[in-house]
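A.B. asks: Please see the structure below; I have some questions.
The values are calculated or read from the model by the stated rules, or taken from the named source; none is laboratory data. Keep in mind the model is a prediction, meaning the values are calculated, not measured. Cβ sites come from the backbone with ideal geometry, for glycine too, and all protein chains shown count toward neighbours. Accessible surface areas use protein heavy atoms only, side chains included; no ligands, DNA or RNA. Shrake-Rupley method; radii C 1.70, N 1.55, O 1.52, S 1.80 Å.
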Amino acid sequence: MNKKLIKPGNYFMNGNFACAEAALIAGMNFYAGYPITPSSEIMERLSYRLPQVGGHFIEMEDEIASMAAIVGASNAGAKAMTATSGPGFSLMQENIGLAVITETPVVIVDEMRGGPSTGLPTRVGQGDVMQAMWGTHGDHEAIAYAPSSVQEMFDLTIKAFNTAEKYRNPVIVLTDQVIGHMSERLLVKNYEEYEVIEREIRKFPDPIGKVHDFSIDYVPMVIAGKGFHYNIDSLTHDEMGYPSNDPKIEEMMVRHLVEKIRKNEDNIVEYKEYLTDDAEVLIIAYGITARSSIEAIRKLREKGIRAGMLRPITLWPIPKRKIERLSEKIHIIFVPEINFGQYSHAIREHTKVPVKEIHFPPGAVPDPKIIIRNIEGDAT
Amino acid sequence: MIEEAIHPKDIYLRSDRFPHIWCPGCGLGIVLKSYVDAISKLDIPLDHHVLVSGIGCTARLPGYANVDSYHTTHGRAIPFATGLKIVNPELQVTVISGDGDLFNIGGNHIIHAARRNMDILVVCVNNFNYGMTGGQHGATTPEGARTSTTPYGNIEHSFNLPYIMASLGASYVARWTSLHVRQLTKSIMKAMKMKGFSFIEVISPCPPNFGKYNKFNDGLSQMEFFYENSVLDNNADLSEAYIDFSGKRPLIVGEFVQRIRPSYIELERDLIKRAMEEP
Ligand SMILES: Cc1ncc(C[n+]2csc(CCOP(=O)(O)OP(=O)(O)O)c2C)c(N)n1
Ligand code: SF4
Ligand SMILES: [Mg+2]
């Protein structure tokens with residue numbers, strides 16, 4: 001491995017720098033971005049670090065360009081990434097769809113701040129959860145990781161690159177202003193301990209004989225300049241990559257795009273449980289809100305309320321089987337979020353127990369006392 | 001047994017994709033011919049050619065050429081091409097797209113690519129309207145012209161493309177019409193050999209849309225207009241090179257800019273070298 005990667009050891013680092021360093025370990029060699037609070041330190045760090053390892057950094061004219069550039073770069077064989085926050089994430093949506101339909105692996109970091117619109121640039125929010133799933137138009141599946149510490153920002157950034165390669169899909173690291181800006185302990189392990197999936201690149205000629213194969217979940221990618229002369233299209237296309245108006249082709253293509261994720265959901269989904277074994281009351285929380293929830297659970301237990309937490313690490317796909325199983329033994333679910341109710345809607349689809357929302361307006365880390373008050377009021 | 005005749009240019013075309021989708025009298029076939037002629041004459045390996053486009057009638061052109069091709073989203077061909085080129089500078093990356101795609105929705109990207117002197121060739125087919133969506137007006141529609149969304153005549157001032165591109169520092173700037181087939185071919189060949197950002201505007205008829213609204217009833221009558229009004233002037237004052245169809249001003253064509261200026265790829269490779277050598 002490159003000697004200019006961050007050395008194994010213990011660090012005290014902020015989430016944005018951790019994300020940048022992790023991306024380099026994952027082999028990211030192309031970054032395109034446009035500055036926006038609270039994610040700008042990722043690009044600042046990479047403008048300095050990427051050239052040191054022989055990678056490419058470019059500051060684009062906007063987030064639309066940034067997103068298009070990383071899809072282009074990935075099609076030339078690069079591991080490519082961008083980072084942004086709400087307003088920029090909105091601008092990226094159309095070309096996230098381009099990555100989906102062309103099955104191009106890319107990583108997008110979205111650090112949530114208060115919204116809507118320009119909102120609260122410097123303060124935390126969790127209002128992009130549904131956008132991460134449904135922001136780009138048309139049928140698709142999304143993969144989004146929600147780190148809740150600097151350590152996870154690091155580890156999940158590496159994983160995001162691997163997942164993007166494995167499923168040839170855009171992968172989102174959906175984090176928030178607090179995780180991006182706070183500094184805490186980070187352990188960087190020996191490089192051999194990190195799984196890094198390298199892209200399998202097709203060599204011409206190959207027996208596949210077509211650019212796409214909708215009958216299997218994964219076919220290695222064709223990149224530019226290898227002699228294939230294939231067409232890669234944002235229009236609905238057949239397996240040769242040619243545009244088609246045929247509803248049957250649309251069905252085959254979209255079914256493939258959706259199923260390659262759905263069938264592998266159990267391999268993609270990740271979560272952590274906290275004191276769920278004997279829990280009667282379940283909190284489902286993610287990102288920074290999960291940390292407030294742990295404090296709330298500790299206090300609730302002191303008061304005799306057996307609370308526990310499920311913390312989805314993949315917000316998308318949602319850990320639905322786990323929610324279904326836990327619902328058999330708990331009577332109520334609380335969903336604290338820094339928004340006015342988003343992930344709670346998705347949770348309701350997978351449980352028969354009541355799902356109570358605890359709304360935190362964007363701007364501050366959720367106060368555990370408010371979580372406690374809500375739960376005491378409803379659970380007893 | 002009768003063998004099917006193979007045209008020597010067939011290896012440059014995806015013959016299974018024909019007939020194409022373009023209307024009779026459309027200028028796009030000529031642009032495809034010029035592109036194919038140019039790459040067949042150049043010594044760049046076919047495998048290194050990449051075509052990128054946005055969305056529109058023009059943007060369907062890469063789908064007919066037998067090279068790696070990327071049909072991206074509306075307006076975003078240039079940033080996509082930028083990503084491709086930076087990662088693999090060995091590629092000859094050519095963007096062929098429409099005036100609406102490149103200068104309306106994608107206007108922000110083309111000015112920045114020219115400013116950066118990004119090492120790509122952009123061929124803009126200017127038919128003065130959005131052909132694909134039914135002939136609406138755009139930033140290239142001449143003042144006074146009628147389109148499906150300017151039924152009272154266009155009140156907006158239009159872009160003068162070579163003037164804009166030259167002012168931003170492009171290494172190569174030319175304009176031709178679809179009548180100037182040989183000049184266009186040579187221009188593409190020359191532009192592909194340049195370092196940095198190259199830009200070629202191709203004025204092209206769109207009979208069922210722009211033509212129909214502006215008294216060019218078929219492709220031929222618009223070609224006749226090009227024939228009668230084109231004036232070759234490589235040293236033209238580009239501020240005067242805007243287009244109208246009054247017949248009162250010349251339609252200036254030519255190779256306006258050829259200059260050597262450090263290109264993005266050269267500068268970036270140097271930056272990486274410096275950063276990697278740092279202790
Ligand atoms: C984001 C977005 N907006 C609008 C469209 C619809 N649309 C498709 S092609 C086009 C205009 C193309 O015009 P131009 O680039 O001049 O190409 P031409 O068809 O004239 O060759 C438009 C508006 C789209 N595909 N995507
Ligand atoms: S609508 Fe115009 S640009 Fe499109 S194919 Fe027809 S003539 Fe050509
Ligand atoms: Mg047009």
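A.B. asks: Hey, what do the phi angles of the range B:85-100 turn into as Karplus ³J(HN,Hα) couplings, whole Hz, using 6.51/-1.76/1.60 and θ = phi - 60°, x for Gly and Pro?
C.D. replies: In residue order, the calculated couplings are 5, 5, 6, 9, x, 5, 6, 8, 9, 10, 9, 10, 8, x, 5, x Hz.
A.B. asks: DSSP loop (so not H, G, I, E, B), at most 14 other Cβ within 10 Å: list which trypsin sites (Lys or Arg not before Pro) in the range A:248-281 pass both filters.
C.D. replies: On the way: sites: A:Lys248, A:Arg255, A:Lys260, A:Arg262, A:Lys263, A:Lys272; in loops: A:Lys263.
Qualifying residues, ordered by number: A:Lys263.
A.B. asks: A follow-up question, please. For the range B:163-279, go through all pairs of different Cα atoms, get the mean of 1/r, take its inverse, and jot down that Kirkwood value in Å.
C.D. replies: On the way: mean 1/r = 0.0616 Å⁻¹.
Computed over the range B:163-279, the radius equals 16.2 Å.
A.B. asks: Can you pull the mean other chain C-beta count within 10 Å for peptide B:11-20? Provide the component values of the computation, followed by the final result.
C.D. replies: On the way: counts 1, 1, 0, 5, 0, 2, 4, 0, 0, 0.
Across the residues of B:11-20, the mean count of other-chain Cβ atoms within 10 Å is 1.
A.B. asks: Might you tell me the accessible area per residue for the range A:272-379, computed with a 1.4 Å probe and given in Å²? Walk me through the numbers on the way to the answer.
C.D. replies: Values: 4570 Å² over 108 residues.
Dividing the accessible area of the range A:272-379 by its residue count gives 42 Å².
A.B. asks: Take peptide B:61-70, look around each residue's Cβ out to 10 angstrom, count Cβ atoms belonging to other protein chains, and average those counts.
C.D. replies: On the way: counts 0, 3, 7, 1, 2, 2, 6, 13, 7, 12.
That works out to 5 on average.
A.B. asks: Something else: Normalised by the residues of chain A, what does the relative contact order come to in percent, with Cα pairs under 8 Å and at least six apart? List each step's numbers first, then the result.
C.D. replies: Working: 821 pairs, mean separation 62.7, N = 380.
Rounded, it is 17 percent for chain A.
A.B. asks: For the interface of A with B, what's the total buried accessible surface in square angstrom, probe 1.4 angstrom, rounded to the nearest hundred? Can you show the working numbers first?
C.D. replies: Values: alone 15850 and 13460 Å², together 25960 Å².
Chains A and B together bury approximately 3300 Å².
A.B. asks: Cross-chain or 8 or more residues apart, Cα under 16 Å: how many lysine pairs in the range A:202-320 fit that? Count them up, please.
C.D. replies: On the way: A:Lys203/A:Lys226; A:Lys210/A:Lys226; A:Lys263/A:Lys320; A:Lys272/A:Lys320.
Qualifying lysine pairs in the range A:202-320: 4.
A.B. asks: Which FRET efficiency value, to the nearest 0.05, do you get for A:Glu295 and A:Asn190 by plugging their Cβ-Cβ distance into 1/(1 + (r/R0)^6) with R0 = 35 Å? If you can, show how the numbers build up before the last one.
C.D. replies: Details: r = 33 Å, r/R0 = 0.95.
Given R0 = 35 Å and the Cβ-Cβ separation, E is 0.60.
A.B. asks: Still on this structure, I have one more. Using the Cα centre as the reference, give the magnitude of the dipole from point charges on the C-beta atoms of the range B:238-279 (Lys, Arg: +1; Asp, Glu: -1; all else neutral), rounded to the nearest 20 debye. Working shown, then result.
C.D. replies: Working: 7 positive and 8 negative charges, 41 e Å.
The calculated dipole for the range B:238-279 is roughly 200 debye.
A.B. asks: Also: Give the average, rounded to an integer, of partner chain Cβ atoms located within 10 angstrom of each Cβ in A:58-68. Could the numbers behind the result be given before it?
C.D. replies: Details: counts 8, 0, 7, 9, 4, 0, 8, 12, 2, 5, 14.
Across the residues of A:58-68, the mean count of other-chain Cβ atoms within 10 Å is 6.
A.B. asks: Let me ask something else about it. Show me the GluC sites (Glu not before Pro) within the range A:160-219 that DSSP assigns to loop and that have at most 11 other Cβ atoms within 10 Å of their Cβ. Can you show the working numbers first?
C.D. replies: Numbers: sites: A:Glu165, A:Glu184, A:Glu192, A:Glu193, A:Glu195, A:Glu198, A:Glu200; in loops: A:Glu195, A:Glu198, A:Glu200.
Here the GluC sites (Glu not before Pro) that fit, given the DSSP loop and packing criteria, are A:Glu195, A:Glu198, A:Glu200.
A.B. asks: If you don't mind, there's one more thing I want to ask. Which order do the peptides B:88-95, A:325-332, B:172-179 come out in when sorted by mean C-beta neighbours inside 10 angstrom, highest first? Each step should come with its number before you reach the end.
C.D. replies: Numbers: B:88-95: 22.5, A:325-332: 15.4, B:172-179: 25.8.
My ranking of the peptides, most packed first, is B:172-179, B:88-95, A:325-332.
A.B. asks: Rounded to the nearest 10 degrees, what's the angle between the helix A:150-167 long axis and the longest principal axis of chain A, both from Cα atoms, 0 to 90?
C.D. replies: Rounded to the nearest ten degrees, it is 40.
A.B. asks: Excluding same-chain pairs closer than 8 in sequence, count the lysine pairs in chain B whose Cα atoms lie under 21 Å apart.
C.D. replies: 20
A.B. asks: Looking at chain B, I'd like the Rg to Rh ratio, where Rg is from alpha-carbon atoms and Rh is Kirkwood's inverse mean 1/r. Provide the component values of the computation, followed by the final result.
C.D. replies: Numbers: Rg = 18.7 Å, Rh = 19.1 Å.
For chain B, the value is 0.98.
A.B. asks: Which distance in nm do the two modelled labels at A:Thr118 and A:Asn10 give, with both placed 7 Å along the Cα-to-Cβ direction?
C.D. replies: 4.3
A.B. asks: List the residues, sorted by chain then number, that are 5 or more residues from B:Ala65 or on another chain and whose placed amide H is less than 5 Å from its amide H.
C.D. replies: So B:Ala65 has HN proximity to B:Arg14.
A.B. asks: Under unit Cβ charges (Lys, Arg +1; Asp, Glu -1), what dipole magnitude, rounded to 20 debye, does chain B have relative to its Cα centre?
C.D. replies: On the way: 26 positive and 28 negative charges, 45 e Å.
Magnitude of the dipole: close to 220 debye.
A.B. asks: If you average the alpha carbon positions of the range A:252-308 and of the range B:216-279, how far apart do those two centres end up, in angstrom?
C.D. replies: If you average the Cα positions of each part, the centres end up 58 Å apart.
A.B. asks: Any chance you could get the radius of gyration and Dmax over the Cα atoms of the range B:1-128, in Å?
C.D. replies: That works out to 15.0, 58 Å for Rg and Dmax.
A.B. asks: Using the crude model of +1 on Lys and Arg Cβ and -1 on Asp and Glu Cβ, and no other charge, please compute the dipole size for chain A relative to its Cα centre, in debye to 20. Spell out each step's value before the answer.
C.D. replies: Numbers: 41 positive and 51 negative charges, 201 e Å.
With Lys and Arg at +1 and Asp and Glu at -1, about 960 debye.
A.B. asks: Could you give the length gained by full extension between A:Met182 and A:His331, i.e. 0.36 nm per residue of separation minus their alpha carbon distance, to one decimal place?
C.D. replies: 50.1 nm
A.B. asks: While we're here: Binning every alpha carbon pair distance of chain A at 10 Å from zero, what are the percents per bin?
C.D. replies: Final binned percentages: 5, 24, 32, 24, 12, 3, 0.
A.B. asks: Most mobile of B:Ala77, B:Ala145, B:Ala236 per a Gaussian network model of chain B (Cα springs, under 10 Å)?
C.D. replies: Residue with maximal mean-square fluctuation among B:Ala77, B:Ala145, B:Ala236: B:Ala236.
A.B. asks: Label the range A:9-193 by shape, choosing from rounded, prolate and oblate, from the square roots a ≥ b ≥ c of the eigenvalues of the Cα gyration tensor; if a/c is under 1.5 it is rounded, and otherwise prolate applies when a/b is larger than b/c, oblate when it is not.
C.D. replies: rounded
A.B. asks: Which one of B:Ile6, B:Tyr35, B:Ile86 is farthest out on the positive end of the charge dipole of the range B:1-108, using unit charges on Cβ (Lys, Arg +1; Asp, Glu -1) and the Cα centre as origin?
C.D. replies: B:Ile86
A.B. asks: Exactly which chymotrypsin sites (Phe, Trp or Tyr not before Pro) in the range A:159-225 are in a DSSP loop and have at most 15 other Cβ atoms within 10 Å? Mind showing how you got there, number by number?
C.D. replies: Details: sites: A:Phe161, A:Tyr167, A:Tyr191, A:Tyr194, A:Phe214, A:Tyr218; in loops: A:Tyr194, A:Phe214, A:Tyr218.
Answer in residue order: A:Tyr218.
A.B. asks: Return one quarter of the surface area of the convex hull spanned by the alpha-carbon atoms of the range A:129-271, equal to its mean projected area, in nm².
C.D. replies: Values: hull surface 43.4 nm².
The orientation-averaged projected area of the Cα hull of the range A:129-271 comes to 10.8 nm².
A.B. asks: Starting from the Kirkwood radius over alpha-carbon pairs of the range A:1-60, derive D by Stokes-Einstein at 37 °C in a medium of 0.692 mPa s and give it in µm² s⁻¹.
C.D. replies: Values: Rh = 11.8 Å.
Estimated via Stokes-Einstein, D reaches 279 µm²/s.
A.B. asks: When chain A is modelled as a GNM with alpha-carbon springs shorter than 10 Å, which of A:Asn162, A:Asn190, A:Asn16 fluctuates the most?
C.D. replies: Comparing A:Asn162, A:Asn190, A:Asn16 in the GNM, the peak value goes to A:Asn190.
A.B. asks: Please compute the alpha carbon radius of gyration of the range A:229-289, then divide it by the globular-protein estimate 2.2 N^0.38 Å. Two decimals is fine.
C.D. replies: Normalised Rg, Cα atoms only: 1.92.
A.B. asks: I'd like to know how the protein assembly as shown sits against the 2.2 N^0.38 Å rule of thumb: what's its Cα Rg over that expected value? If you can, show how the numbers build up before the last one.
C.D. replies: On the way: Rg = 27.3 Å, N = 659, 2.2 N^0.38 = 25.9 Å.
Rounded to two decimals, the normalised Rg is 1.05.
A.B. asks: Given labels modelled 7 Å from the Cα in the Cβ direction, how far is it in nm from B:Lys212 to A:Asp278?
C.D. replies: It works out to 7.8 nm between the two label points.
A.B. asks: Of all beta bridges DSSP finds with both residues in the range A:9-193, what is the antiparallel percent, to the nearest 5? Please list the in-between numbers first.
C.D. replies: Values: 8 of 28 bridges.
If we restrict to bridges inside the range A:9-193, about 30 percent are antiparallel.
A.B. asks: Sort the following peptides by mean Cβ neighbour count (other Cβ atoms within 10 Å, averaged over residues), highest first: B:27-33, B:125-131. Intermediate values should be presented prior to the final figure.
C.D. replies: Working: B:27-33: 21.6, B:125-131: 28.0.
Order by mean packing, descending: B:125-131, B:27-33.
A.B. asks: Sorted by average packing, counted as other Cβ atoms within 10 angstrom per residue and highest first, what order do A:6-15, A:71-80 take? Each step should come with its number before you reach the end.
C.D. replies: Working: A:6-15: 16.4, A:71-80: 28.5.
Ranking the peptides A:6-15, A:71-80 by packing returns A:71-80, A:6-15.
A.B. asks: Spin-label point model (7 Å from Cα, Cβ direction): what's the A:Glu259 to B:Ser167 distance in nm?
C.D. replies: Calculated label separation equals 5.5 nm.
A.B. asks: Would you please give the FRET efficiency between B:Ile155 and A:Asn245, computed as 1/(1 + (r/R0)^6) with r the Cβ-Cβ distance and R0 = 25 Å, to the nearest 0.05? Write out the running numbers ahead of the final one.
C.D. replies: Numbers: r = 37 Å, r/R0 = 1.47.
My answer for the efficiency is 0.10.
A.B. asks: Follow-up question, since we're still on this one. GNM on chain B, C-alpha springs below 10 Å: top fluctuator among B:Gly106, B:Gly211, B:Gly247?
C.D. replies: B:Gly247
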